[in-house]
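Reviewing the structure listed below.
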Amino acid sequence: MNIQNADNERTLRLVWPQWQGAGRANISALLPEVPLERARYGYVYGARVLQAILPEHAGPTELVPVGASDDEGSSDGVESRGAVLRSTGAALDAIARHDPDRILTLGGECAVSVAPFAALAAKYGEDLAIIWIDSHPDVDTPATGYDGFHSMAVSALLGHGDPQILDRLPATVKASHVALAGLHDWEEDAYANVAAWGLHTFAPDDLRESTGPLLDWLAATGASKVAIHFDVDTVDSEDAALGLGQVPGGLTRVQARRVVDDLGAAADVVGLTIAEFIPRTALVVAELVEGMPLIPRADPVIGEV
């Protein structure tokens with residue numbers, strides 16, 4: 001099934017501008033041109049831009065409410081854990097209101113895939129495979145060195161990590177049904193989990209000429225349905241700088257789009273997430289013009305998207 005043909009009244013568009021999953025120190029280091037108090041909301045701007053540029057669709061749209069508080073400090077190894085728990089619960093409630101067949105999620109940082117993909121896993125069971133297209137493995141846990149929950153998203157879907165967050169999820173997925181595609185940037189203490197949990201990985205060079213290796217893996221799972229997580233930092237930052245981190249050596253835009261299109265032709269795409277988009281220029285312009293004559297100062301509270 002082609003992705004473009006999957007838009008109908010049973011497709012939920014989930015707009016989820018969650019930003020609390022990215023660690024403060026990480027934001028400050030990777031987005032230095034914007035003051036931290038504004039840079040922290042970069043994912044909100046990203047979700048707004050994505051929602052603005054996409055055409056209208058046939059199904060319902062839900063905006064997941066995301067608060068302005070980041071619950072300063074770590075809690076049991078997960079930064080802003082309380083905010084993440086509240087946001088995850090709100091997303092699952094929104095999904096339950098519609099019981100959709102398919103979910104398009106506009107983020108937000110990488111953790112916005114956790115709730116929709118868990119809901120799809122509960123619906124489709126072992127007929128669902130997950131393709132995580134990302135420069136990073138996102139297999140941190142509260143025991144590893146980085147406490148941002150966006151780096152723990154794959155771990156949570158596999159059933160590893162914070163017990164309270166895992167208790168909220170309606171289902172988890174077997175490692176044999178999860179593949180990491182485009183992977184080429186990681187921290188060693190988290191990366192050890194990839195081998196320990198038996199995850200299949202595909203580096204950018206494995207997919208530059210053909211999506212064949214990934215399609216072969218998908219066929220071997222026996223799953224007819226797929227949920228695709230697309231982190232925009234998968235795109236080589238020398239081709240287009242789209243994410244928080246500037247990661248060279250990834251797939252080009254053409255290659256990344258071909259991978260997604262080939263997956264859409266090979267399987268029934270029931271989930272697609274666009275995550276980690278940071279519109280850096282928009283953030284800089286917002287900082288520049290805020291408070292000019294006739295322009296009110298912005299309230300940092302997340303508003304309508």
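Every number here is computed from the coordinates shown, using simple stated rules; none is lab data. Worth saying up front: this structure is predicted, and the values here are computed from it rather than measured. Here the Cβ is made from the backbone with ideal geometry for all residues, glycine too, and neighbour counts use every protein chain on show.
Here is how the numbers come out for the structure above:
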quantity: Spatial separation of Cα centroids for region 171-188 and region 90-155, in angstrom; calculated: 12
quantity: Region 42-156: equivalent-ellipsoid semi-axes (sqrt of 5 x gyration tensor eigenvalues, Cα, Å); calculated: 23, 18, 14
quantity: Computed lengthening from ALA58 to GLN246, 0.36 nm per intervening residue step minus Cα-Cα distance; calculated: 64.2 nm
quantity: Global size of the chain as Cα Rg and Dmax, reported in angstrom; calculated: 18.1, 61
quantity: Spread of Cα-to-Cα distances over 10 Å intervals beginning at zero, given as percent, for region 186-269; calculated: 16, 42, 36, 5
quantity: Per residue Cα convex hull volume in Å³ - calculated over region 135-290; calculated: 141
quantity: Percent breakdown of C-alpha pair distances by 10 Å bin, ordered from the shortest bin, for region 140-186; calculated: 26, 52, 22, 1
quantity: Helix-only CD estimate at 222 nm, as mean residue ellipticity for the chain, using -39500 (n - 2.57) per DSSP H run (n ≥ 4); calculated: -10500 deg cm²/dmol
quantity: Packing-based order for 132-140, 222-230, 88-96, using average beta carbon neighbours within 10 Å, highest first; calculated: 132-140, 222-230, 88-96
quantity: Base-10 log of normalised Debye intensity for region 166-220 (one unit scatterer per alpha-carbon) at q = 0.22, 0.28 Å⁻¹; calculated: -0.95, -1.14
quantity: Overall dimensions of region 101-183 as given by Cα atoms, namely Rg and Dmax in Å; calculated: 12.0, 37
quantity: For peptides 159-166, 172-179, sequence by mean Cβ density within 10 Å, most packed first; calculated: 172-179, 159-166
quantity: Shape box of region 234-294 [Cα atoms, principal axes, largest first, Å]; calculated: 54, 28, 15
quantity: Burial ordering of PHE202, PHE149, fewest other beta-carbon atoms within 10 Å first; calculated: PHE202, PHE149
